[in-house]
Amino acid sequence: MQEFNVNELKPHPRNNEFFDDINGEKWKEFLESINSRGVIEPIVITPDKTIVSGHQRVRACKELGIEKVMCDVHTYDDNDQILQDLLETNVRQRGDIGGSAQKVGKRIKELERIYGIRNGSLGFQGNQHEVVSNNFKAPQKTQEELANEMGMTVQSLHNYKMLADMIPELSDLVDTGIVTKTTALAIMKQLPPADQKSFIESLSITDEIANEKIEASGKKYTQRDMQKYIDDYKREKSRADELERNPKVVTETVTVKEIPADYNETKEKLNRYIKHCENADSLLKKEAEKNQKLRSQLEKKQAEENNSLVQFQKELKDQTLFFCAGVANFLERWGGYGWIAEHINELPDYERRSYISAARNIEGFAKVILTNIDF
């Protein structure tokens, strides 16, 4: 073990392919730990000063102005041995490191290659392996063993491997939380990569992602919603392909219904109702954040003062009463608009979808609460 200047150390060229930087609150806590305790675990490097384990510690040292750090210089037989150490050591030291679903999949695929795990069916059992095509002989494992080490099922392991091949546009949707990993898998299984890109563009959300509008609004696409969009996309694409093959095909006749005289007035009213719902939802979110902050403060105080249980229970009761009063106020103020549901099919498509979306937001909020209640 010897001391090196942090500026001499080079990041592994494939580290960013498999791992994300720590960020947000976790990064602040990590910096505080390094600042107060220093770098306890030495950085693992190769003889040419390439980092194998410790990229985040070196990054923290540079940010904190720490110039030198202790390193263990390891000699490896080949690149696969370095990669195995890079992957296993980082996962072991950083625990559930998470990161993007795509990078989790890439880690799994690379470890399978190094261990010589055969790409087979979900029924793969025993010690069936391929011979590793390099000089370094990795300890061979089964998919079940690898899945257990990574804290997931074999099915989840297969799903992550599939997500490793996501196109960038789909990966962005998963990383921002707009679609779940399960929904992304459904898109990949039903549409080839070229169609996936045009399908995502047809949703008109890529520009919104760049402007962070969707993240700010908390908009999500459920698998059921996305399936409807996929079915619509397939129908439109099939129709376009048919017209391209045979331009003389007679397209279906669209009957345009006469717009009612009070359409614009009704639309304005509906927009106001939607705005009111959005404002109410925003207020509920703010109160939820405020309640969460109060809860965190109470929990911290409880850890510091063993005799604070009575005070915590009082705060809990007060917040519960405040919540109940808020819900009652919400129902009293907006419950009268439920009559619109009786005429939902009389509304134009835009207004109908907006009203249903508002109702589902209320339903989703209630489901989150009920899910956490142990009856």
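The values are calculated or read from the model by the stated rules, or taken from the named source; none is laboratory data. If you're wondering where the values come from, they're calculated on a predicted model, not measured in any experiment. So basically every Cβ, Gly included, is an ideal-geometry build from the backbone, and we count neighbours across all protein chains shown. Surface areas here come from the heavy atoms of the whole protein model, side chains and all, with no ligands, DNA or RNA. Shrake-Rupley method; radii C 1.70, N 1.55, O 1.52, S 1.80 Å.
Observations on the structure shown:
- Pair list, Cβ < 7 Å and 6+ apart or interchain, from region 351-375 residues that are assigned to a loop (DSSP other than H, G, I, E, B) to residues that are open to solvent by less than 50 Å² (accessible area, probe 1.4 Å) and among the β-branched types (Val, Ile, Thr): none
- Some residue of region 21-32 being surrounded by fewer than 13 Cβ atoms within 10 Å (Cβ to Cβ) and either assigned to a loop (DSSP other than H, G, I, E, B) or in contact with a Ser or Thr (Cβ under 9 Å, 6 or more places away or on another chain) (or both): yes
- Count of residues meeting criterion [in a helix (DSSP H, G or I), over 19 Å from Ser100 (Cα atoms) and either open to solvent by 80 Å² or more (accessible area, probe 1.4 Å) or modelled with pLDDT under 75 (or both)] in region 200-222: 6
- Considering the conditions (1) under 30 Å from Pro260 (Cα atoms); (2) in contact with a helix residue (DSSP H, G or I) (Cβ under 9 Å, 6 or more places away or on another chain); (3) open to solvent by less than 60 Å² (accessible area, probe 1.4 Å), Leu298 is excluded by exactly one of them, (1).
- Residue check for Asn7: part of a helix (DSSP H, G or I), over 33 Å from the mean Cα position of the chain (by Cα) and of a type outside the set (Ser, Thr, Tyr): yes
- Region 99-109, residues that are open to solvent by 20 Å² or more (accessible area, probe 1.4 Å) and not polar (S, T, N, Q): Gly99, Lys103, Lys106, Lys109
- Those residues of region 1-20 which are loosely packed, with under 12 Cβ neighbours inside 10 Å and closer than 19 Å to Val69 by Cβ, in sequence order: Met1, Gln2, Glu3, Asn5, Asn7, Glu8
- Any chance Glu304 is of a type in the set (Asp, Glu), surrounded by fewer than 12 Cβ atoms within 10 Å (Cβ to Cβ) and at pLDDT below 80: yes
- Check on Leu283, open to solvent by 90 Å² or more (accessible area, probe 1.4 Å), assigned to a helix (DSSP H, G or I) and among the aliphatic types (A, V, I, L, M): yes
- Qualifying residue in region 153-161 (condition: modelled with pLDDT under 85 and open to solvent by less than 70 Å² (accessible area, probe 1.4 Å)): no
- Look at (1) modelled with pLDDT of 80 or more; (2) open to solvent by 70 Å² or more (accessible area, probe 1.4 Å); (3) more than 30 Å from Asp195 (Cα to Cα) and you find that Val256 fails only one, number (1).
- Where a residue in region 143-156 is closer than 13 Å to Ile117 by Cα and its partner, wherever it lies, is among the basic types (Lys, Arg), with Cβ under 9 Å and at least six apart: Gln143/Arg118
- Within the set Lys197, Lys290, the sole residue that is at pLDDT 80 or above, part of a helix (DSSP H, G or I), under 24 Å from Ile362 (Cβ atoms) and of a type in the set (Lys, Arg) turns out to be Lys290.
- For the residues Arg272, Arg239, Arg245, Arg235, the requirement of being open to solvent by 60 Å² or more (accessible area, probe 1.4 Å), at pLDDT 80 or above, more than 28 Å from Gln190 (Cα to Cα) and not acidic (Asp, Glu) singles out Arg272.
- Among residues of region 312-371, those that are among the β-branched types (Val, Ile, Thr), closer than 28 Å to Asp262 by Cβ and open to solvent by 60 Å² or more (accessible area, probe 1.4 Å), counted: 1
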